[in-house]
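These notes concern the structure reproduced below.
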Amino acid sequence: MKKSLFVLAAAITLGACSMNQNTGVKQTDLQHHRFELLSVDGQTVPAAQGRIPEIEFGSNMHISGKMCNNFMGQGQLHNNVLTVKGLASTMMLCPDENLNKWDHVISDVLNNGAALTLQDSKLTLTQGKHQLVYRLKDRM
């Protein structure tokens, strides 16, 4: 009887451990991939604007990308939250009002920590009231 209880307890413990494993976004899901911006806060990004906003993930979670301005920084991914403290950016004024606004949005989202989801080649960054949706656009 004691042996049966031990086996049952071990099975329950192992089952609980496997259910608690983090099955979210991993560094390897992002590294060495490029994503193009589809929408910001529900607003569709026009495809024919000449400069398509994007984000890239390099080695060791080095983040780079562009809205109106280019941005770059060292990212950290922990529990599906991507944070890039001290994001660096060029400082041009863009004739496109939305791109200027989105420069501030991407900076705020990454500096404050963006919750990530990656499903069907779409990467979603959510932070506070902001949501940016990207699609995988690797050149392979």
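The values are calculated or read from the model by the stated rules, or taken from the named source; none is laboratory data. Computed from a predicted structure; not experimentally measured. Cβ placement follows ideal geometry from the backbone for every residue including glycine, while neighbour counts extend to all protein chains displayed. Ligands, DNA and RNA are stripped out before the accessible areas are found, and what is left, the full protein with its side chains, is counted by its heavy atoms. Shrake-Rupley method; radii C 1.70, N 1.55, O 1.52, S 1.80 Å.
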Length released on extending from Q43 to Q119, taking residue separation times 0.36 nm less the Cα-Cα span: 25.4 nm
Paramagnetic label zone (point 7 Å from Cα along Cα-to-C-beta, T126; backbone N under 19 Å) in region 82-113: 82-84, 105-113
Percent of alpha-carbon pairs separated by more than 14 Å within region 32-72: 50
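Given the peptides 65-78, 116-129, arrange them by the average over their residues of other C-beta atoms within 10 Å, most packed first.
My ranking of the peptides, most packed first, is 65-78, 116-129.
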Accessible area (Å², per residue) of region 42-140, counting only protein heavy atoms and a probe of 1.4 Å: 58
Net lengthening on full extension, E36/K101 (0.36 nm per residue, minus Cα-Cα): 21.7 nm
At R0 = 25 Å, FRET efficiency that the Cβ-Cβ distance of N80 and K137 yields, to 0.05: 0.70
